[in-house]
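Visitor: Just passing along the structure, written as structure tokens.
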Amino acid sequence: MLVNGQWMADWQPVQAKDEKGGFVRQTSSFRNWVTPDGSAGPTGEGGFTAEAGRYHLYVALICPWASRTLIGRKLKKLEDVISVSVVEPALSEQGWRFGDYPGADRDTLNGASYMHELYTRADPAISGRATVPVLWDKKRGTIVNNESADILRMLNSGFGDLADAHIELYPFDLRAEIDALNARIYPALNNGVYRAGFATTQLAYEEAFVQVFAMLDELEARLGDERSYLLGERFTETDIRLFVTLIRFDVAYHGLFKTNRKRIADYPGLCAYQARILAIPGVSETVNIDHIKRGYYSIKALNPSGIVPVGPELHAKGSAIRRQPGYKSRRVS
């Protein structure tokens with residue numbers, strides 16, 4: 001953890017907890033926005049104009065929040081506009097580390113060994129965790145934003161004509177529904193699995209556990225009318241936000257985080273929905289099951305031995321996902 005710009009202690013998953021012993025997630029520190037004309041976004045300051053080659057995305061393939069942005073970058077066809085670096089999957093004593101693990105990168109842009117070095121470069125007096133994703137401005141040499149929800153929306157609309165306009169992840173006519181569903185899924189499920197896994201009391205764990213499965217049951221019922229996606233036949237950011245949690249559930253959260261009442265494989269609707277999204281061109285390229293398992297099972301507070309489970313057999317391209325009745329491969333339009 002950083003304290004006034006200095007790394008002070010070994011990385012720990014829980015930095016704060018509530019009065020019940022529940023996990024409290026850190027608030028993102030950098031909230032500027034890239035916009036087509038450089039004007040200020042909903043938060044932060046202006047001056048971050050959309051330009052090809054100006055911005056760089058730092059991600060971890062184990063991280064659901066970072067994977068949101070990788071999917072957005074793929075679907076909006078911004079691979080030649082925004083470059084990417086991937087940290088190693090195993091969390092070190094100093095947090096995210098760059099290196100040579102298969103699928104990871106050295107930081108050839110800034111020469112950092114650890115993610116926290118980029119945070120102190122952007123703010124020499126910063127305190128808190130050095131998280132991913134990070135959207136970096138090469139021109140100004142600083143962090144634009146480290147909030148995945150913001151970055152996903154920037155990728156959708158902030159890069160203007162540089163992005164593929166055929167895919168709209170936050171359509172105007174669905175925004176109220178998207179915002180409302182995001183606000184319900186996030187605390188109960190996206191963050192709910194973490195609240196269960198990192199709970200420090202039985203009460204906090206059981207409360208989170210109940211909410212996780214109440215939301216999964218609700219989403220299973222929602223998909224029961226044979227809709228393709230959460231809001232009908234249009235794929236939106238809400239589907240991305242749900243998918244990145246589902247794809248990690250059976251391989252990490254079910255066992256390590258003790259959310260073990262059911263697997264996603266036991267939900268026919270959610271299982272078929274997950275497979276549909278994996279079949280969208282480009283999405284499977286953002287999923288690395290080896291990184292996911294090695295990353296989560298490197299958390300010493302939860303797995304002191306560091307042993308990584310061999311199963312379950314879930315492959316990035318979906319070949320081992322049981323295709324339930326009603327499964328159809330669909331393109332995003």
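Visitor: Picking from Ala163, Ala130, which residue would you name as being within 21 Å of the chain's Cα centre (by Cα), modelled with pLDDT under 95 and open to solvent by 10 Å² or more (accessible area, probe 1.4 Å)?
Guide: After ruling out the rest, the residue left standing is Ala130.
Visitor: Suppose we filter Thr108, Thr131 for residues that are farther than 23 Å from Ile240 by Cα, outside any helix (DSSP H, G or I) and not aliphatic (A, V, I, L, M); which single one remains?
Guide: Unique residue meeting the criteria: Thr108.
Visitor: May I ask you to verify whether Thr35 is within 24 Å of Glu168 (Cβ to Cβ), open to solvent by 10 Å² or more (accessible area, probe 1.4 Å), at pLDDT 95 or above and in contact with a helix residue (DSSP H, G or I) (Cβ under 6 Å, 6 or more places away or on another chain)?
Guide: Answer is yes for this residue.
Visitor: For the stretch 291-333, how many residues meet the condition of being modelled with pLDDT of 50 or more, among the β-branched types (Val, Ile, Thr) and either open to solvent by 70 Å² or more (accessible area, probe 1.4 Å) or farther than 24 Å from Leu91 by Cβ (or both)?
Guide: Residues that pass the stated criteria total 3.
Visitor: Answer yes or no as to whether Asn182 is surrounded by fewer than 19 Cβ atoms within 10 Å (Cβ to Cβ) and within 19 Å of the chain's Cα centre (by Cα).
Guide: For Asn182, the condition - surrounded by fewer than 19 Cβ atoms within 10 Å (Cβ to Cβ) and within 19 Å of the chain's Cα centre (by Cα) - is met.
Visitor: Going through the stretch 195-208 one residue at a time, which ones are part of a helix (DSSP H, G or I) and either without any contact (Cβ under 8 Å) to a residue 24 or more places away in the chain or surrounded by fewer than 22 Cβ atoms within 10 Å (Cβ to Cβ) (or both)?
Guide: Gln202, Leu203, Ala204, Glu206, Glu207
Visitor: Could you list, in sequence order, all residues of the stretch 88-111 that are touching a Leu at 6+ places or on another chain (Cβ under 9 Å) and closer than 25 Å to Ala50 by Cα?
Guide: Answer for the stretch 88-111, where residues must be touching a Leu at 6+ places or on another chain (Cβ under 9 Å) and closer than 25 Å to Ala50 by Cα: Asp107, Asn110.
Visitor: I would also like to ask the following. Please go through the stretch 208-257 and give me each residue that is of a type in the set (Lys, Arg) and in contact with a Leu (Cβ under 9 Å, 6 or more places away or on another chain), ordered by number.
Guide: Selection gives Arg222, Arg234, Arg241.
Visitor: Looking at (1) within 29 Å of Gln12 (Cβ to Cβ); (2) modelled with pLDDT of 95 or more, which one does Ile82 not meet, given that it meets all the others?
Guide: Only one criterion in (1) within 29 Å of Gln12 (Cβ to Cβ); (2) modelled with pLDDT of 95 or more is unmet by Ile82, namely (1).
Visitor: Condition (residue is of a type in the set (Gly, Ala, Ser), over 30 Å from Glu168 (Cβ atoms) and either modelled with pLDDT of 95 or more or surrounded by fewer than 20 Cβ atoms within 10 Å (Cβ to Cβ) (or both)) applied to the stretch 224-233: is it met by at least one residue?
Guide: Looking for residues that are of a type in the set (Gly, Ala, Ser), over 30 Å from Glu168 (Cβ atoms) and either modelled with pLDDT of 95 or more or surrounded by fewer than 20 Cβ atoms within 10 Å (Cβ to Cβ) (or both), one finds none in the stretch 224-233, hence no.
Visitor: Could you tell me which of the residues Glu45, Glu88 is assigned to a loop (DSSP other than H, G, I, E, B), without any contact (Cβ under 8 Å) to a residue 40 or more places away in the chain and open to solvent by less than 60 Å² (accessible area, probe 1.4 Å)?
Guide: Answer to the selection: Glu88.
Visitor: For residues that are open to solvent by 60 Å² or more (accessible area, probe 1.4 Å) and either part of a loop (DSSP other than H, G, I, E, B) or of a type outside the set (D, E, K, R) (or both), tally how many sit in the stretch 114-124.
Guide: Count: 1.
Visitor: List every residue pair whose Cβ atoms lie under 9 Å apart, where the two residues are 6 or more positions apart in sequence or sit on different chains, the first residue falls within the stretch 221-244 and is basic (Lys, Arg), and the second residue, located anywhere, is assigned to a loop (DSSP other than H, G, I, E, B).
Guide: Note: pairs meeting the criteria are Arg222/Leu230; Arg227/Glu233; Arg234/Glu168; Arg234/Pro171; Arg234/Ser228; Arg234/Val332; Arg234/Ser333.
Visitor: Just to be sure, is Asn288 at pLDDT 95 or above and open to solvent by 60 Å² or more (accessible area, probe 1.4 Å)?
Guide: In short, no.
The values are calculated or read from the model by the stated rules, or taken from the named source; none is laboratory data. Since the structure is predicted, the reported quantities are computational estimates derived from the model, not experimental observations. Every residue, glycine as well, gets a Cβ built from its backbone with ideal geometry; the counts of neighbours run over all protein chains shown. Calculation scope for accessible area: heavy atoms of the full protein, side chains included, ligands and nucleic acids excluded. Shrake-Rupley method; radii C 1.70, N 1.55, O 1.52, S 1.80 Å.
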